[in-house]
1. Can you list the trypsin sites (Lys or Arg not before Pro) in region 289-354 that are in a DSSP coil and have 12 or fewer other beta carbons within 10 angstrom?
2. Take the alpha carbon atoms of region 1-79, find their center, do the same for region 155-190, and report the distance between the two centers in whole angstrom.
3. Given a cut-off of 13 Å, what percent of all Cα-Cα pairs of region 351-398 lie beyond it?
4. Can you bin every Cα-Cα distance in region 287-342 into 5 Å intervals starting at zero and give me the percent of pairs per bin, rounded to whole numbers?
5. Under the 0.36 nm per residue contour assumption, what length would be gained going from the current alpha-carbon distance of residue 390 and residue 190 to full extension?
6. Would you mind checking which residues have amide H under 5 Å from residue 87's amide H? H placed 1.01 Å from N; only 5 or more apart, or other chain.
7. Which value in Å is the Kirkwood Rh of region 1-45 over different Cα pairs?
8. Kirkwood hydrodynamic radius, computed over distinct alpha-carbon pairs, for region 82-136: how many Å, to one decimal?
Amino acid sequence: LFAMISIAAVFSSSSFLASSRGISKIDIFIEQTKSVLMGFIALLVCYLIPLRFYRTFSFVIYGASVLMLLMLFIPGFRVEMNGAIRGIRLFGRTFQVFEFAKVGVILYLAKALELWGEDLTDFKQFALKILLPVGAVCLLIMQNSFSSALLIAMITFLILFFMNVSFKNLSITVGIVVAAVLLMFLTYHAFFAGRPERLESSVGKIFNRFGTVEGRLTAHFDKEEESLEGLSRAEIQQLKDKDRQSENAKVAISEGGIFGKGPGKSTQRYSLSMAFSDFIYAFIVEEYGMVGGFIVILLYLIFLFRCIRLCQRCKATYSSVLIVGLSFLIATQAFLHILVNVRLLPITGHTLPLISHGGTAYLVLSGAFGMILSVNRQLEKQDALEKAQKEAEAAVLSDTYNFDTTDVTYTTTPDE
């Protein structure tokens, strides 16, 4: 269902993308269909891989994702996308390494909680074995995508909370993270804000995205009407351009109404430049109305609750953490995207999982879906084995007590 929605929505919303790349919408349709097919292949491969493989190589996969993040700092590999370095080029193709890092962190947490879950009541052990590895990934990501680092931190907190890690340690961690972020923003304003030459230095690059974060927060919470007085026409236009994407998404949702304009009848796709990715939910509501938007939300909720039920069947810590982490990754990113589209949150740049246009993101999240199915396959095998054992035990008991009593002479009353 996600795949069918993806192909239809991306094809219909790709007018701006096709014109900017000088290709036709049919080319975008073929491109997205290939992405969906590759996603199904990734899903099938990850489904067929035994769960013990993920358990054995979790730390290796995490290490590989960190290595890919480090390659963002090597000029020969990094690729700039939308004003930030978010991809690396390997074998002639560009990969968005943040998507691999998200799954890598979840696999690390699953293995770490399985190995050291009992030791994490001590904050020193908790900091060394959980906070340090996850924090390193967040720091590597933060200078190119603050929202992705925040998403990883959020998913980590949810995993630790639902796996009953010490609440005291979680509270201390939240305090440390909030204090660290505030300190970094103060440092940015004290030494780097408004000084582009300092931002180009090796230390300044750490604060590369802080200006973007502040700009998005300001555009979301500030009332433009209160700040337009005394500004020139050019300055007013500049302020409006910052919020243009979010405004166009708002218009698209408003015009969609209850049942929408119908497939292929969107008008905002010509002005909403990211309708195929960052604002595809708003586009879906415009063409399919509130009904279509509700169906998309319902699909993600069904997926999440199915995963929760699956987690309840898991007896091993590793399986439970893997299911919780991957399901929260997909569902949380989906609802962040939706909340941004309906203007309840500032712009984050997160796509709609398994629906938005994309190559690496679609491939990785399809693979994550396959990992969840791999856990389900393992549980089905265990259930079948337990059922067979119970049937065998019942058969043994039946054979033991199934003897002929016709020639037995009772020395007691029939009731006794």
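What follows is calculated from the coordinates using simple rules that are stated; it is not laboratory data. Keep in mind the model is a prediction, meaning the values are calculated, not measured. Glycine also receives a Cβ, built like all others from the backbone with ideal geometry; neighbour counts cover every protein chain displayed.
1. Details: sites: 306, 309, 313, 315, 343; in loops: 315, 343.
Here the sparse-neighbourhood loop sites are 315.
2. Centre-to-centre distance over Cα atoms comes out at 30 Å.
3. Numbers: 753 of 1128 pairs.
Summing the P(r) tail past 13 Å for region 351-398 gives 67 percent.
4. P(r) for region 287-342, in whole percents per bin: 4, 18, 24, 20, 13, 10, 6, 3, 1.
5. Working: separation 200, 0.36 × 200 = 72.00 nm, distance 6.91 nm.
Gain in length upon complete extension: 65.1 nm.
6. Distant-sequence amide H within range of residue 87: 79, 81.
7. Working: mean 1/r = 0.0918 Å⁻¹.
Computed over region 1-45, the radius equals 10.9 Å.
8. On the way: mean 1/r = 0.0759 Å⁻¹.
About 13.2 Å for region 82-136.
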